[in-house]
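Chemist: Would you mind keeping the following structure in view while I ask a few things?
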Amino acid sequence: MLSRIVTFSKNGRATADPVEFTVPAGAPRQALLTDLLPGDYTVMRDGKPERNITVTEGAGTLLLPVEAGRTYRVISACKSLDAAV
């Protein structure tokens, strides 16, 4: 059985702010990220791009398989463009 990590925005509203978390050691897990604005996101694992994923209108969530001991950061495509300017 997989354990889950669940994230929420600080104010309960949908956001495109980056989400970062480290997975504790132990069994394989899934991460459920909630309160996300629709759009394209990049999933980074230990500082390296792992995959691109899209949050659809009305869903506002991502469910990701994650590995124990790894650090993940999920960045909105529009936020990563802002950082490049």
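The values are calculated or read from the model by the stated rules, or taken from the named source; none is laboratory data. What you see is a predicted model, and the numbers here were worked out from it, not measured in a lab. Please note: Cβ atoms are built from the backbone with ideal geometry, for glycine as well, and neighbour counts cover all protein chains shown.
Chemist: Examine region 31-47 for a residue that is at pLDDT 95 or above, under 17 Å from Ser9 (Cα atoms) and of a type in the set (S, T, N, Q), and state whether such a residue exists.
Modeler: yes
Chemist: Name every residue in region 12-42 that is surrounded by fewer than 15 Cβ atoms within 10 Å (Cβ to Cβ) and more than 18 Å from Gly58 (Cα to Cα), in order of residue number.
Modeler: Glu20, Thr22, Pro24, Ala25, Gly26, Ala27, Pro28, Gln30 - these are the residues of region 12-42 that are surrounded by fewer than 15 Cβ atoms within 10 Å (Cβ to Cβ) and more than 18 Å from Gly58 (Cα to Cα).
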